[in-house]
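To start, the structure itself, in structure tokens.
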Amino acid sequence: MEYSRAATATVLVVLALVSQAQAGVWPRSRPYNIAHRGASGFRPDHTAEGYQLAIDLGADFIECDVVLTKDLVPVCRHEPLVSGTTDADAKFPNLIKSIIIDGANYTGVFTTDLTLAEVKTLRCKQPIADRDQSFNGLFAIPTLEEYIAIAKRANRTIGIYPETKHPTWHDSLPIVKAAQTTMSDIVLNVLKKHGYKGPINSKAWSKQPVFIQSFEVGNLKYLSRKTCIPLVQLLSDWNTPIPDMPALNYSSIMSEAGVKDMATYASGVGPWKNTLVRAKAGANVTANGAALESTGLAERIRKNGMQAHPYTFRNEARYLTYGAFATAMDEFEFFFVKLGLEGAFTDYTGSLRQYFTMKSQEQGRLWNTGAVINRAGRPKPHNPKC
Ligand SMILES: *[C@@H]1O[C@H](CO)[C@@H](O)[C@H](O)[C@H]1NC(C)=O
Ligand SMILES: *[C@@H]1O[C@H](CO)[C@@H](O)[C@H](O)[C@H]1NC(C)=O
Ligand SMILES: *[C@@H]1O[C@H](CO)[C@@H](O)[C@H](O)[C@H]1NC(C)=O
Ligand SMILES: *[C@@H]1O[C@H](CO)[C@@H](O)[C@H](O)[C@H]1NC(C)=O
């Protein structure tokens, strides 16, 4: 009797959650489906057409990596270097040069040497050789504002997830210094203009969901003092130097103390998925999912009240973590069920949606675990105004 009443209550709660998820109520009661660079499995990265396809395939968030043009307009592109993702080398051969950005030597054409009008003449291409090349040469680079317009005109709530790319490097450029501003302020002003505000899971946030992400620490701390918009600290591999603190590597902020400090300015963490799992003692990491265990990072993130949104889930076999999974569905199952994530970046939004749909029809569904945090995520404690 007691059992069946409890079971009935559980079923009702679960049905309510399912219908909320289907009705598009925010914050979500299941993990977020974050469309990495748009529908980048099917269309050139960071294009209006790719973002729209990602929405049609079931994204909760679309992602824009923000870089600046010479006239300081924020646009969506993976890097300031656009040679690999556009026809820039053919159109602006006189602008090809080499620049060191965060220790890496890049050669080609950079958005920071092109005005917005010049950027708009470029046409995008698919940078991954075995993905569909038939859309090359067709689509333009969208501005941050055009990307926001795509999210806003969708017929359900679509979140945005802009990343400030190389903010310290951008801020060091004479064009940015002369304008007496910073990349963070340029991006923040655009978000403000379009009504983005409020801490995670607030009413205002749930109407226009947004996370600002960065691999740097300093600009997120700066932003945390200027805005209530939730911030996401991206993490690279353990031994990779932090771009704005090159004497330190990411392992220094992935420790107990590091993650605790992160929670004073960030609401979420975007780790590289390979840092969340490792081989069990004596096991062969490439063998299969059963050989993997948590590194403890996901648990540390959750314990400190933050969400974990790892990157990047891709269907192609070569991208499955440590070659340990037979299919992308097996990989999702391991990460969402074992680690209880609150979201994930994927190039294949449709596959992640398919996985969520499958889980929603199962007993003991995944959002009984980590994704509950999507509803309980707390405002940042350091900023009393939020
Ligand atoms: C919402 O828009 C999509 C296109 O993005 C369309 O396929 C779908 O039918 C629309 N749904 C409603 C309820 O209007
Ligand atoms: C960067 O790469 C270019 C092209 O390969 C090369 O000419 C240049 O010397 C490199 N710069 C540095 C500092 O290594
Ligand atoms: C990364 O930082 C840790 C802790 O400070 C240190 O032990 C390790 O040697 C560093 N790795 C590299 C490649 O610098
Ligand atoms: C681990 O497993 C892979 C795939 O089965 C195999 O190719 C590799 O040789 C194994 N490595 C070791 C050290 O056993």
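The figures follow:
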| read-out | value |
| --- | --- |
| Those Cys residues of the chain for which no other cysteine Cβ falls under 4.7 Å | Cys124 |
| Selection from Val259, Tyr51, Pro209 lying farthest towards where the dipole of the chain points positive, charges on Cβ | Pro209 |
| Residues of region 312-332 with amide N under 16 Å of the 7 Å Cα→Cβ point at Lys280 | 324-325 |
| Distance in nm between pseudo-label sites at Thr157 and Thr240 (7 Å out along the Cβ direction from Cα) | 3.1 nm |
| Within region 136-293: Cβ-based charge dipole about Cα centre, in debye rounded to nearest 20 (Lys, Arg +1; Asp, Glu -1) | 660 debye |
| Cβ-based charge dipole, the chain, positive-most Cα from Met306, Thr107, Tyr322 | Met306 |
| In degrees, nearest ten, helix 48-57 long axis to first principal axis of the chain (Cα) | 10 degrees |
| The chain: most fluctuating residue of Met262, Met329, Met358 per GNM, C-alpha cutoff 10 Å | Met358 |
| Summed side-chain charge close to Thr111 - residues other than Thr111 whose Cβ falls under 12 Å, Lys, Arg +1, Asp, Glu -1 | -1 |
| Nearest-ten-degree value, helix 2-23 long axis tilted from longest Cα axis of the chain | 20 degrees |
| Contour excess over end-to-end distance, with Cα ends at Lys97 and Asp71 and 0.36 nm allotted per residue | 7.5 nm |
| DSSP bridge orientation in the chain - percent antiparallel, rounded to nearest 5 | 40 percent |
| GNM result for the chain, Cα springs below 10 Å: residue of Gly38, Gly258, Gly159 fluctuating most strongly | Gly258 |
| Region 194-335: equivalent-ellipsoid semi-axes (sqrt of 5 x gyration tensor eigenvalues, Cα, Å) | 29, 18, 13 |
| C-alpha center-to-center spacing [region 130-178, region 214-244] in angstrom | 18 Å |
| Whole-number percent relative contact order across region 106-192, with pairs defined as alpha carbons under 8 Å at least 6 apart | 16 percent |
| Test item: Cα-centred dipole of the chain, Lys/Arg +1 and Asp/Glu -1 on Cβ, debye | 1260 debye |
| Computed [θ] at 222 nm, helices only, for the chain once each DSSP H run of length n ≥ 4 contributes -39500 (n - 2.57) | -8500 deg cm²/dmol |
| Among the listed pairs Lys70/Lys226; Lys203/Lys273; Lys120/Lys221; Lys152/Lys260; Lys192/Lys273, those beyond 27 Å (Cα-Cα) | Lys203/Lys273; Lys120/Lys221; Lys152/Lys260; Lys192/Lys273 |
| Environment charge at Leu138 (Cβ cut-off 13 Å; Lys +1, Arg +1, Asp -1, Glu -1) | 0 |
| Farthest positive-ward along the chain dipole, Cα basis, beta-carbon charges - from Leu292, Pro174, Cys64 | Cys64 |
| Relative contact order of the chain, defined on C-alpha pairs under 8 angstrom at six or more residues apart (%) | 17 percent |
| Solvent-free Debye scattering, log10 I(q)/I(0), computed from the Cα coordinates of region 263-359 at q = 0.11, 0.20, 0.21, 0.25 Å⁻¹ | -0.31, -0.98, -1.07, -1.38 |
| Most mobile listed residue (Thr86, Thr349, Thr227) in the chain, GNM with C-alpha springs under 10 Å | Thr227 |
| For region 173-247: rounded, prolate or oblate by the Cα gyration tensor [a/c cutoff 1.5] | oblate |
| Acute angle (nearest 10 degrees) that the helix 144-153 long axis makes with the longest principal axis of the chain, alpha-carbon atoms | 40 degrees |
| Contact order normalised by residue count of region 240-373, Cα under 8 Å, 6+ apart, percent | 20 percent |
| Dipole magnitude of region 185-246 about its Cα centre (Cβ charges: Lys, Arg +1; Asp, Glu -1), debye to nearest 20 | 540 debye |
| Whole-percent pair-distance distribution, where bins are 20 Å wide, for the alpha carbons of the chain | 28, 60, 12, 1 |
| Label-zone membership for region 299-317, site Glu293, 7 angstrom Cα→C-beta point, backbone N under 16 Å | 299-300 |
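Coordinate-derived values only; no laboratory data. Just so we're clear, the structure is a prediction, and the values are computed from it rather than from any experiment. For neighbour counting, all protein chains shown are included, and Cβ atoms are generated from backbone atoms with ideal geometry for every residue, glycine included.
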